[in-house]
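Worksheet: one structure, shown below.
The values are calculated or read from the model by the stated rules, or taken from the named source; none is laboratory data. In this text, all values refer to a predicted model and were calculated from it rather than measured experimentally. Using ideal geometry, Cβ is built from the backbone for each residue, glycine included, and neighbour counts are taken over all protein chains shown.
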């Protein structure tokens, strides 16, 4: 029972804190639920997955290294998921290290929240 509760709580936290998206209200005879429909752009998904080759190719094809997806820049995603090689590439291509999301969080804050030590160290050096 504890594992189920912790899993549900973790899933709820991740879905509410990670991404903003459209919500749909669903109701049955007893309860009402809100379902989140999350859509992260393909460039940021490549960053999350750590696919350096895809990120390079998308930059070559014109992807904006500072375009936000769900309120986060690609650098914020890279920092959150400790993608150090991608952080280096994004910064080299003009990503703004001190950019903030709507809550005022920077890439280094996302790295700290995820305990991404390598990303924290690199971002400190770049700041």
Problem set entry | Filter result (surrounded by fewer than 22 Cβ atoms within 10 Å (Cβ to Cβ) and part of a helix (DSSP H, G or I)) within the stretch 67-107 | 84, 85, 88, 89, 91, 92
For this session: Could you grab me the full set of residues in the stretch 108-118 that are surrounded by fewer than 17 Cβ atoms within 10 Å (Cβ to Cβ) and either modelled with pLDDT under 95 or assigned to a loop (DSSP other than H, G, I, E, B) (or both)?
Result: 114, 115
Exercise. For residue 107, are the conditions met, namely being more than 20 Å from residue 60 (Cα to Cα) and touching a residue at least 40 places away in the same chain (Cβ under 8 Å)?
Worked result: no
